[in-house]
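J.: Below you'll find the structure I mean.
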Amino acid sequence: MRTLVHLSDLHFGRTDAAIVEPLIARVSAIRPDVVVVSGDLTQRARAREFAQARAFLDRLPAPRLVVPGNHDVPLYRLWERFLSPLGKYRRFITDDLAPLFVDDEIAILGINTARSLTFKNGRINEAQIASIHEGLDPLPAALTRIVVTHHPFDLPDETGEAEIVGRARLAMAAFASCGVDLLLAGHFHTSQAGETSRRHPLPGYAALVVQAGTATSTRGRGEANAFNVLRVQSDTIAVERQVWLPEAGAFAIGRTETFRRQASRWTESAGADQPATS
């Protein structure tokens, strides 16, 4: 079994300062095998915000796999937006826009869906789809394959097509071919989990899709700050929501959903939800 911490939408420049230290402490106490950050590290892609995000990442357990989000592309500095959209991200965070982590149980591939020509939504291009095959096809079949993006390829709540990644259908065909098991994303500041077969009906294939809320931003969109802890085994994935409790000044388990794969479908186990505890 592997334990992953999934953080998203940090938005340094617009964070709740009271959350940062307890979050670092909680993540460290979990002792994850990998920390995944699915984009929007900053609010407006300014150097000082990236510096804050870098300092935060450096205090988290390693290894860490990070991808950018649309907020990590400058919004109003148009010359920078179009000539060097991820220049500061590359300078402060990482120059690797397709990070790959592999051990003897899991393989995690990061994909950049942020674009300078779109202000909010994300896209994936044909070169990136080819790189999915290049990164995952040679790996042993027994590995649980995980893809991390900022923008989601699917949403369990059936949100309209305009809100998911451009060329999602092409990407999903590649994921099916490569045997991708799990899709991690953020962007909407909501915590959700479900499987992809309804929106993307592909013969004999469905992936589990898990959305993370915002870990530290003041823009919760009606949901408490939260992050995910995933316990990953070959055919079982437990998704634990760690929710910020302001009155306690700490994160606590909000609920846990356990999904099991049966006949290429992911089904939630009955009675998996748990009440919040400290």
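Bear in mind these aren't lab numbers, they're just calculated from the coordinates by the rules spelled out. Small disclaimer: the values here were computed from a predicted structure and weren't measured. All Cβ positions, even for glycine, are placed from backbone atoms using ideal geometry, and neighbour counts span all protein chains on display.
J.: Gaussian network model of the chain, Cα springs within a sub-10 Å range: biggest mean-square fluctuation belongs to which of GLY204, GLY179, GLY87?
T.: Judging by the Gaussian network model, the answer is GLY204.
J.: With +1 assigned to the C-beta of every Lys and Arg and -1 to the C-beta of every Asp and Glu, and no other charges, what is the dipole magnitude of the chain about the Cα centre in debye, to the nearest 20? Provide the component values of the computation, followed by the final result.
T.: Working: 31 positive and 31 negative charges, 159 e Å.
Charge dipole, the chain, about its Cα centre: 760 debye, nearest 20.
J.: Expressed as a rounded percentage, what relative contact order does the range 2-268 have, with Cα pairs under 8 Å and six or more residues apart? Intermediate results must be reported in sequence, preceding the final value.
T.: Numbers: 625 pairs, mean separation 52.7, N = 267.
Across the range 2-268, relative contact order equals 20 percent.
J.: Now a separate question. If exposed chymotrypsin sites (Phe, Trp or Tyr not before Pro) are those in a DSSP loop with at most 10 other Cβ within 10 Å, what is the longest stretch of the chain that has none?
T.: On the way: sites that count: TYR76, PHE119.
My reading of the result: 120-278 is the longest stretch.
J.: Ok, one more. Grab the Cα-Cα distance for ASP235 and HIS133, subtract it from 0.36 nm times how many residues apart they are, and report the gain in nm with one decimal. Let's see the in-between values first.
T.: Details: separation 102, 0.36 × 102 = 36.72 nm, distance 2.20 nm.
Working it through step by step, the gained length comes to 34.5 nm.
J.: Explain nothing, just compute: Karplus ³J(HN,Hα) = 6.51 cos²θ - 1.76 cosθ + 1.60, θ = phi - 60°, for every residue of the range 92-102 in order, whole Hz, x for Gly and Pro.
T.: Along the range 92-102, the couplings run 9, 9, 6, 8, 8, 8, 9, x, 9, 10, 9 Hz.
J.: Of ALA142, THR42, GLN262, which is farthest towards the positive pole of the chain's charge dipole, taken about the Cα centre with +1 and -1 on the beta-carbons of Lys, Arg and Asp, Glu respectively?
T.: Farthest towards the positive pole: THR42.
J.: Rounded, prolate or oblate: pick one for the range 15-66, where a ≥ b ≥ c are the square roots of the eigenvalues of its C-alpha gyration tensor, a/c under 1.5 means rounded, and failing that, prolate if a/b is larger than b/c, else oblate.
T.: Details: a/c = 2.26, a/b = 1.44, b/c = 1.56.
Oblate.
J.: Under the rule of at least 5 residues apart or a separate chain, name every residue whose amide H is placed under 5 Å from the amide H of GLU195.
T.: For GLU195, whose amide H was placed from the backbone, the distant partners under 5 Å are VAL209.
J.: Shifting gears a bit: Please list 3J(HN,Hα) in residue order for the range 191-206, calculated via the Karplus relation 6.51 cos²θ - 1.76 cosθ + 1.60 where θ = phi - 60°; whole Hz, with x for glycine and proline.
T.: 9, 8, 8, x, 10, 9, 5, 6, 6, 10, x, 10, x, x, 9, 7
J.: Anyone know which of PRO61, PRO140, PRO74 comes out most mobile in the 10 Å Cα GNM of the chain?
T.: The residue that fluctuates most here is PRO140.
J.: For ASN121 and ILE24 in the same chain, what is the full-extension length gain: residue separation times 0.36 nm, less their Cα-Cα distance, in nm? Display every interim value, and only then the final one.
T.: Numbers: separation 97, 0.36 × 97 = 34.92 nm, distance 2.92 nm.
That pair, ASN121 and ILE24, stretches by 32.0 nm at full extension.
J.: Roughly how far apart, in whole Å, are the Cα centres of the range 93-109 and the range 13-50?
T.: A separation of 19 Å, based on Cα centres.
J.: Can you give the helix-only mean residue ellipticity at 222 nm for the chain, where every DSSP H stretch with n ≥ 4 adds -39500 (n - 2.57) and the sum goes over all residues, rounded to the nearest 500 deg cm²/dmol? Please list the in-between numbers first.
T.: Working: 6 runs with 60 residues, N = 278.
That calculation yields -6500 deg cm²/dmol at 222 nm.
J.: If you don't mind, another one. Excluding HIS150 itself, what net charge comes from residues whose Cβ is under 10 Å from its Cβ, given Lys and Arg +1 and Asp and Glu -1?
T.: Working: positive: none; negative: ASP9, ASP40, ASP72.
Net local charge, HIS150 excluded: -3.
J.: Any idea what the relative contact order of the range 14-137 is, in percent, if you count C-alpha pairs under 8 Å spaced at least 6 apart?
T.: Working: 162 pairs, mean separation 27.1, N = 124.
Computed value for the range 14-137: 22 percent relative contact order.
J.: Using C-alpha positions alone, give me the convex hull volume of the chain per residue in cubic angstrom. Walk me through the numbers on the way to the answer.
T.: Working: hull volume 33.2 nm³, N = 278.
Enclosed volume per residue, from the Cα hull, is 120 Å³.
J.: Where in the chain lies the longest segment free of GluC sites (Glu not before Pro) that are both loop residues by DSSP (not H, G, I, E, B) and have at most 12 other Cβ atoms within 10 Å? Write out the running numbers ahead of the final one.
T.: Working: sites that count: GLU158, GLU247.
So the longest stretch without any such site is 1-157.
J.: Here's another thing I want to ask about it. Compute the Cα gyration tensor for the range 145-271, then decide on rounded, prolate or oblate, letting a ≥ b ≥ c be the square roots of its eigenvalues: rounded whenever a/c is under 1.5, prolate when a/b is larger than b/c in the other cases, and oblate in all that remain.
T.: Numbers: a/c = 2.36, a/b = 1.46, b/c = 1.61.
Because a/c hits 1.5 or more and a/b fails to exceed b/c, the range 145-271 counts as oblate.
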